[in-house]
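Since every read-out is calculated from the coordinates, none of them should be taken as a lab result. In this text, all values refer to a predicted model and were calculated from it rather than measured experimentally. For neighbour counting, all protein chains shown are included, and Cβ atoms are generated from backbone atoms with ideal geometry for every residue, glycine included.
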Amino acid sequence: MNKTKQNKLKVIVILGPTSSGKSDTAIALAKKFNGEVISADSRQIYRDMNLGTGKVTGKWLKLKGKNTFFKAFLSEKVPHHLLDFRSPRGKYNISNFKKDCENKIKEISKRNRLPIICGGTGFWIDAITKGTIFPEVKPDLKLRKKLTLFSTEKLMRIIKKKDPLRAKTIDSKNKVRLIRAIEIIEELGKVPVIKNSPPSNINFLQIGIDWPQKELTEKIQKRLNNRWQAGMIKEIKYLKSTYNLSWKKIQSFGLGYFWIPLFLQNKISKEELREKVLIAERGYAKRQKTWFYKNKTIIWENNLPKIFTIVKDFLK
């Protein structure tokens, strides 16, 4: 089994802002160190949301494990997990991810392979590496339906009035998280201080992929251009017709999924659409970096040979 001398499982975490090259790095590491990738992206879990999320391509297959069979998503001969496995109509939260990710780490390690968590959703990664414990509040579907119609600005005003402390720390642009916070406030009176209980049986190595701002902006622009050419607008049309999603539901996924429905409803021009999505992607990258830079245990490196050396030393 993949363990340290202290009987701890070894897990690599590849993180960073959008378009930084996390997926390519994780795949390269998996090929070199006999690993499997676990996605930590809150939107890549959904089927048929490919171009808008920057999802790696591949196909589903069954892999034989010890006394069990399980489904994995194969990309470039590297098994990927928690990727492309939920309907966009369904609900999947951070508690679901935490449980599923912990189970995948155990499964992969039992096969004497290296678990590699890869993603840009900092909250999800922290849930695993820090062992975050979340308040047990059941979803209020009626309240959620009502709050979905509100703008993020209005949701923030509600939180500021009801729980000023949480308002200072929450991502004001993340509508899903804002709605969940209000849901918890209505049930408990306020959002309790989140407690962390790091897993004692896992040794994490967190590597951040980042670039100077000018280079990162160019990478974001280049990837967006490729997505437009590949048919990102068609993807939104397909999602709506295939899963019978409302425009509001599609917009709740954020970034391009927020702006493309406005274009398809003739509310903005194609030129405005491209500009808005680019601005949204840049803003998202900035928020990701702000989140990750608070974590002083992350090793920042974008040179692949150097990353190989770091991982090799960690695995000794």
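Some points to look at:
- Candidate aspartates and glutamates for bridging to Lys190, where Cα separation is under 15 Å - those fewer than 8 sequence places away on the same chain excluded: Glu136, Asp163
- Extended-chain gain in nm, criterion 0.36 nm per residue less alpha-carbon gap, Leu149 and Asn34: 36.8 nm
- Inter-site label distance for Leu264 and Gln221 at 7 Å from Cα along Cβ, in nm: 2.8 nm
- For the range 182-250, the fraction of C-alpha pairs more than 16 angstrom apart is 76%.
- Taking each residue as 0.36 nm, the span from Glu301 to Ile194 lengthens on full extension beyond its C-alpha to C-alpha distance by 35.6 nm.
- Cα-Cα separations in the range 141-188 greater than 13 Å, expressed as whole percent: 47 percent
- Long pairs among Lys32/Lys294; Lys161/Lys267; Lys130/Lys168; Lys106/Lys195; Lys222/Lys286; Lys173/Lys248, criterion Cα-Cα beyond 25 Å: Lys32/Lys294; Lys161/Lys267
- Rg to Rh quotient for the range 229-286, alpha carbon positions, Kirkwood Rh: 0.96
- Alpha carbon centroid spacing (whole Å) that separates the range 72-87 from the range 165-217: 25 Å
- Computed from point charges on the beta carbon alone (+1 for Lys and Arg, -1 for Asp and Glu), the dipole magnitude for the range 141-188 about its Cα centre is near 160 Debye.
- The listed peptides 186-195, 102-111, ordered by packing as a protection proxy, come out as 102-111, 186-195 (highest mean of other Cβ atoms within 10 Å first).
- If the segment from Leu315 to Ile133 were pulled out straight at 0.36 nm per residue, it would be longer than the present Cα-Cα gap by 62.7 nm.
- For Asn203, the amide hydrogen comes within under 5 Å of the amide hydrogens of Leu9, Lys10, Val11, counting only partners 5 or more places away or on other chains and with H modelled in the peptide plane.
- Percentage of interatomic Cα-Cα distances in the chain larger than 37 Å: 16 percent
- The simple spin-label model puts a point 7 Å past each Cα toward its Cβ; for Asn103 and Glu186 those points are separated by 2.9 nm.
- Proximity of backbone amide H atoms, modeled 1.01 Å from N, is registered between Leu114 and Gly35, Glu36 at under 5 Å, excluding neighbours fewer than 5 places apart on the same chain.
- For the listed residue pairs Lys55/Lys214; Lys104/Lys240; Lys10/Lys249, the alpha carbons are over 28 angstrom apart in Lys104/Lys240; Lys10/Lys249.
- With one equal scatterer per alpha carbon and no solvent term, the Debye-computed log10 I(q)/I(0) for the range 203-243 at 0.28, 0.29 1/Å reads -0.90, -0.93.
- Principal-axis tilt of helix 22-33 within the chain, Cα atoms, nearest 10 degrees: 20 degrees
- Per-residue Cβ neighbour counts within 10 Å put Trp124, Trp211 in the sequence Trp211, Trp124, beginning with the fewest.
- Residue order, fewest to most beta carbons within 10 Å, for Asp48, Asp41: Asp48, Asp41
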